[in-house]
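Some notes on the structure that comes next.
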Amino acid sequence: MLLAVVIVTDALAVWAGYRSIDVVNRLDTPGSGAVTEREVNSVDLWYALAGIAQTVALIATAVVFLVWFYRVRVNAEVFAPEYHEKKRGWTIGGWFCPVVNLWFPRRIALDIWKASSDGNRRGAALLNWWWALWVTTLLIGWTASRQYARAETTDEVQNALGSVLLTDVLDIVAAILAILFVRRLTRMQYERALRQAP
């Protein structure tokens with residue numbers, strides 16, 4: 001599952017982030033040990049590679065996730081068409097429209113959940129936790145990237161690296177919750193399809 005690849009790339013980024021923070025701390029603290037140019041270049045390389053790996057994993061996962069999300073939406077319409085407040089096109093478009101992408105996909109996911117579970121929201125806390133953590137990760141990540149781009153002093157670089165590190169850790173937890181959400185919803189739809197089979 002590609003969400004597991006996201007977790008691995010985030011873990012790589014956490015490791016690279018810790019190494020970067022260590023090097024910056026040693027650069028800023030006299031007598032804490034010499035930092036060689038080779039070490040700085042190595043840290044920069046690993047940090048860049050981790051970022052590239054994260055981006056590739058995120059794009060691949062997003063494509064597959066959107067295909068799955070659209071498919072479960074179509075399935076949910078078959079189960080209970082009355083539960084869907086948004087048109088089918090929002091299943092994909094809702095992720096790309098600024099501002100509304102902070103709540104439309106969750107609303108659609110909740111409608112899919114209800115339709116797949118005979119109208120009850122029991123267990124939807126998993127969806128809510130995943131969504132809250134994912135949005136939090138997006139907002140902190142956006143802030144951290146701006147903070148990192150503007151950083152000039154070693155203190156600012158340390159703070160920015162800490163924010164990026166927090167984003168990577170939260171993204172790992174969000175990806176774990178996303179895996180649980182995908183598995184749970186897929187299983188619910190499978191069981192619902194079996195119950196409705198003639």
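Could you check the range 17-57 and list, in sequence order, the residues that are in contact with a Gly (Cβ under 9 Å, 6 or more places away or on another chain), within 18 Å of ASP155 (Cα to Cα) and either aromatic (Phe, Trp, Tyr) or free of Cβ contacts under 8 Å to residues at least 40 places away in the same chain (or both)? Walk me through how you get there before you give the answer.
Taking the range 17-57 first, the residues in contact with a Gly (Cβ under 9 Å, 6 or more places away or on another chain) are 17, 21, 26, 47, 50.
Still in the list and also within 18 Å of ASP155 (Cα to Cα): 17, 21, 26.
Once the filter is applied, which keeps residues that are in contact with a Gly (Cβ under 9 Å, 6 or more places away or on another chain), within 18 Å of ASP155 (Cα to Cα) and either aromatic (Phe, Trp, Tyr) or free of Cβ contacts under 8 Å to residues at least 40 places away in the same chain (or both), the range 17-57 yields only ARG26.
When the residues of the range 63-87 are filtered to those that are among the basic types (Lys, Arg) and in contact with a helix residue (DSSP H, G or I) (Cβ under 6 Å, 6 or more places away or on another chain), which remaining residue is most open to solvent (accessible area, probe 1.4 Å)?
Going residue by residue through the range 63-87, those that are among the basic types (Lys, Arg) are 71, 73, 86-87.
Cutting the leftovers down to in contact with a helix residue (DSSP H, G or I) (Cβ under 6 Å, 6 or more places away or on another chain) gives us 73, 86.
Values: ARG73: 8, LYS86: 47 Å².
If we take residues in the range 63-87 being among the basic types (Lys, Arg) and in contact with a helix residue (DSSP H, G or I) (Cβ under 6 Å, 6 or more places away or on another chain), then LYS86 is most open to solvent (accessible area, probe 1.4 Å).
Considering LEU139, LEU165, which residue is hydrophobic (A, V, I, L, M, F, W, C), open to solvent by less than 40 Å² (accessible area, probe 1.4 Å) and assigned to a helix (DSSP H, G or I)? So that I can check it myself, show each step before the final result.
Numbers: LEU139 fails: open to solvent by less than 40 Å² (accessible area, probe 1.4 Å).
That would be LEU165, the only listed residue that is hydrophobic (A, V, I, L, M, F, W, C), open to solvent by less than 40 Å² (accessible area, probe 1.4 Å) and assigned to a helix (DSSP H, G or I).
Look through the range 110-126, keep the residues that are among the hydrophobic types (A, V, I, L, M, F, W, C) and touching a Phe, Trp or Tyr at 6+ places or on another chain (Cβ under 6 Å), and return whichever of them is modelled with the lowest pLDDT. Explain how you work it out, then say what you get.
If we filter the range 110-126 for residues that are among the hydrophobic types (A, V, I, L, M, F, W, C), which is where we start, we get 110, 112-113, 115, 124-126.
So of that shortlist, the ones also touching a Phe, Trp or Tyr at 6+ places or on another chain (Cβ under 6 Å) come out as 115, 124, 126.
Details: ALA115: 91, ALA124: 84, LEU126: 92.
So, considering only residues that are among the hydrophobic types (A, V, I, L, M, F, W, C) and touching a Phe, Trp or Tyr at 6+ places or on another chain (Cβ under 6 Å), the one modelled with the lowest pLDDT is ALA124.
So which of ALA60, ALA115, ALA76 is without any contact (Cβ under 8 Å) to a residue 40 or more places away in the chain and outside any loop (DSSP other than H, G, I, E, B)?
Numbers: ALA60 fails: without any contact (Cβ under 8 Å) to a residue 40 or more places away in the chain; ALA76 fails: without any contact (Cβ under 8 Å) to a residue 40 or more places away in the chain.
Selected residue: ALA115, the only one of ALA60, ALA115, ALA76 that is without any contact (Cβ under 8 Å) to a residue 40 or more places away in the chain and outside any loop (DSSP other than H, G, I, E, B).
The rows are residues; the columns are (1) within 23 Å of LEU194 (Cβ to Cβ); (2) of a type in the set (A, V, I, L, M, F, W, C); (3) touching a Ser or Thr at 6+ places or on another chain (Cβ under 6 Å).
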site: VAL64; (1), (2), (3): no, yes, no
site: ALA76; (1), (2), (3): yes, yes, yes
site: TYR83; (1), (2), (3): yes, no, no
site: SER145; (1), (2), (3): no, no, no
site: GLY162; (1), (2), (3): no, no, no
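Kindly indicate whether any position in the range 40-62 is open to solvent by 90 Å² or more (accessible area, probe 1.4 Å), modelled with pLDDT under 90 and not aliphatic (A, V, I, L, M).
no
Any idea which of ARG88, ARG19, ARG107 is outside any helix (DSSP H, G or I) and at pLDDT 90 or above?
Values: ARG19 fails: outside any helix (DSSP H, G or I); ARG107 fails: outside any helix (DSSP H, G or I).
Checking each option against the conditions leaves just ARG88.
The values are calculated or read from the model by the stated rules, or taken from the named source; none is laboratory data. Worth saying up front: this structure is predicted, and the values here are computed from it rather than measured. FYI the Cβ positions are ideal-geometry reconstructions off the backbone, even for glycines, and counts take in every protein chain you see. The protein model used for the area step is the full one, side chains on, heavy atoms only, and it has no ligands, DNA or RNA in it. Shrake-Rupley method; radii C 1.70, N 1.55, O 1.52, S 1.80 Å.
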